[in-house]
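K.L.:
Take a look at the following structure, please.
The values are calculated or read from the model by the stated rules, or taken from the named source; none is laboratory data. All values derive from a computational prediction rather than experimental measurement. When we count neighbours, we look across all protein chains shown, and the Cβ atoms used for this are built from the backbone with ideal geometry, even at glycine. Side chains included, ligands, DNA and RNA excluded: accessible areas come from the protein's heavy atoms. Shrake-Rupley method; radii C 1.70, N 1.55, O 1.52, S 1.80 Å.
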Amino acid sequence: MKNFSVKKPQISLAAFITIIFIISSAVILLLYSFLVGRAHYQKYEDELIEDMREQCLRLEESLLANGFNVEEPIDLNVNIDTVATFFDGRVMIVNSDYRIIKDSSTANQNSFIVGEDVISVMTGDREELLQVVGGYVQYIHPVVSEEGILGLIMINASTESIDSITNNVGKYNNVIIIVILVCCIIFAIIFGRGSVRGIKFINQHMEVAKEGHFDNKIPVRGFKEFQALTDNYNDTIDKLKVIDSSRQEFVSNVSHELKTPITSMKVLADSLIQNEDADLEMYKEFMTDIAAEIERESEIINDLLTLVKTDKSSAEMNIEEININELLEVIIKRVTPIASSRGIDISYESYRDVAADIDQVKFSLALTNIIENAVKYNVDNGWVKVTLNADHKNFHIKVMDSGVGIPDDCKEQVFERFYRVDKARSRDTGGTGLGLAITRNVILMHKGSIKLYSESGEGTTFTIKIPIKRVES
């Protein structure tokens, strides 16, 4: 049965920014249009209401001046009709008996009007009543004299003019909004493309770097985030250059180290072949030298295999709780004969019993390398001191010696593969230059750290710190 993988839809950052910008602009502009239209409508409605109040006050003065009589004064009737025409609506005068004594439309002349709103104003429960009914604004105003409320003035004003003005303003706003939206779209496209220009520029350089070219750095400029990204890119390129240089140097060193014993063996073998008069003693001497070179070749290969195994972040770890005191005693006992042959005294001091979660084989290899180095690069009749201590989280091992020490310019490189402070002395002691590199890898695999303190000619101190309990990440 075939497995079909569904490819997820992809969208570029430039398109995403452009779309989000356009949608945001459209939403803001629509909201602005709605609020502006509403504000204009409210403004004209407030002006209409204010005009209605003014006209009611004038009619009230006229009615009071004529004793609330709307039949005799011609001017009063003309004013009522004029107000009705002005508001494109209707004006009604209601007496205290709730009878319409004047209706500008004459439709309900002399009819009675009784309703909750009318009664509430007529009885004085409300000073006035203002409400929007259908397409009209209705305003009810009481006519008050010293004797009390004589009646009511009711004006219904059409909102058609407000709607017309608002629509015209809305059309004008829509034109402006469309123009602004078009400008926003153009700006969004330009901004969207410009916002990823820096990323594209970095991506182009990464394509070049992917081919193994690490010479081109990117100038740091632009926004803060792009500057940080550029800095990280340049730092990564620098590290890749170092790694690439280390790789080339490692390959060169491996080739040289493996080739040297083979070359020596070939020279010895050729010497025997060309020397027809070679006796048995010469054969033994040359074969002994060849065997030593084979042993040296084997040692280099074993160290390389160990380095490869410990160089993998996913290397298998056989973790178990081990007594570190006993482990150190075993290692020191193993190294003591080598030290005794040169009169070097090895002392061990433990401040407390320590049991920790470690890979015993790998960690033993790391400690052996450190302690053997302390012996190999020591002076005759010198000393080596090993101490063990612990706190609630980590245990600490110190290996101090009275040896030749490490110069300041070599301290940063002693953990590199094949690096030797004194190449001639390393040849004499049989070192491959891989011991400290293996040691560092093993300690890092245990999530620990190793530091050194040394002065040239005054000995060296290695300090190792390892967590007592291993917590898998």
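K.L.:
How would Glu128, Glu60 line up by accessible area, probe 1.4 Å, largest first? It would help to have the intermediate numbers written out before the result.
P.N.:
Details: Glu128 65, Glu60 25 Å².
Solvent-accessible surface, decreasing: Glu128, Glu60.
K.L.:
Amide H neighbours of Val384 under 5 Å, counting only residues 5+ apart in sequence or on other chains, H built in-plane at 1.01 Å?
P.N.:
Amide H neighbours of Val384: Asp345, Ile346, Ser347.
K.L.:
Ile49 to Ile28: extension gain in nm, 0.36 nm per residue of separation minus the Cα-Cα distance?
P.N.:
Working: separation 21, 0.36 × 21 = 7.56 nm, distance 3.11 nm.
Net length gain for the segment: 4.4 nm.
K.L.:
If I stretch the segment between Ala15 and Glu320 completely, what's the gain in nm (0.36 nm per residue apart, minus their alpha carbon distance), one decimal?
P.N.:
Working: separation 305, 0.36 × 305 = 109.80 nm, distance 5.46 nm.
Net length gain for the segment: 104.3 nm.
K.L.:
Please enumerate, by chain and number, the aspartates and glutamates with C-alpha under 12 Å from the C-alpha of Lys217, excluding those fewer than 8 residues away in the same chain.
P.N.:
Asp231, Asp235, Asp238
K.L.:
Classify the stretch 159-202 as rounded, prolate or oblate from the Cα gyration tensor: take a ≥ b ≥ c as the square roots of its eigenvalues, call it rounded if a/c is under 1.5, otherwise prolate when a/b beats b/c and oblate if not. Mind dumping the intermediate values first?
P.N.:
Values: a/c = 11.34, a/b = 6.46, b/c = 1.76.
Judged from the Cα gyration tensor, the stretch 159-202 comes out prolate (a/c at least 1.5, a/b above b/c).
K.L.:
May I pose another question? Between the stretch 41-84 and the stretch 97-126, what is the separation of their alpha carbon centroids in Å?
P.N.:
If we compute the Cα centre of each part, the gap is 16 Å.
K.L.:
Follow-up question, since we're still on this one. May I ask you to evaluate 6.51 cos²θ - 1.76 cosθ + 1.60, the Karplus curve with θ = phi - 60°, for each residue of the stretch 316-323 and list the ³J(HN,Hα) values in order in whole Hz, giving x for glycine and proline?
P.N.:
With the stated coefficients, the stretch 316-323 comes to 5, 10, 9, 7, 8, 7, 10, 7 Hz.
K.L.:
Determine the order of Cys183, Cys56 by accessible area, beginning with the largest, at a probe radius of 1.4 Å.
P.N.:
The ranking, largest first, comes out as Cys183, Cys56.
K.L.:
Run the accessible area of the stretch 76-220 with a 1.4 Å probe and give the carbon-and-sulfur part as a rounded percent.
P.N.:
The C+S portion of the solvent-accessible surface of the stretch 76-220 is 56 percent.
K.L.:
Additional query: For a protection proxy built on the mean count of beta-carbon atoms within 10 angstrom, sort 383-394, 37-48 highest first, please.
P.N.:
Going by the mean number of other Cβ atoms within 10 Å, highest first, we get 383-394, 37-48.
K.L.:
Taking N as the number of residues in the stretch 161-239, what is its alpha-carbon radius of gyration divided by 2.2 N^0.38 Å?
P.N.:
Working it through for the stretch 161-239, the quotient is 2.00.
K.L.:
Considering only Cα-Cα distances, which of the following residue pairs are longer than 25 Å: Lys362/Lys393; Lys376/Lys469; Lys259/Lys284?
P.N.:
Over 25 Å Cα-Cα: Lys376/Lys469.
K.L.:
Can you compute 3J(HN,Hα) from phi for each residue in the stretch 93-110, using the Karplus curve 6.51 cos²θ - 1.76 cosθ + 1.60 with θ = phi - 60°, rounded to whole Hz and x for Gly and Pro?
P.N.:
Per-residue couplings from phi come out as 10, 10, 7, 5, 8, 6, 9, 7, 8, 8, 10, 4, 8, 6, 6, 10, 4, 6 Hz.
K.L.:
Still on this structure, I have one more. Based on the alpha-carbon gyration tensor of the stretch 64-214 and its eigenvalue square roots a ≥ b ≥ c, which shape applies: rounded if a/c is under 1.5, prolate if not and a/b is larger than b/c, or oblate?
P.N.:
prolate
K.L.:
Still on this model: Once you have the Cα-Cα distance between Asp408 and Asp235, take 0.36 nm times their residue separation minus that, and quote the gain in nm to one decimal.
P.N.:
59.7 nm
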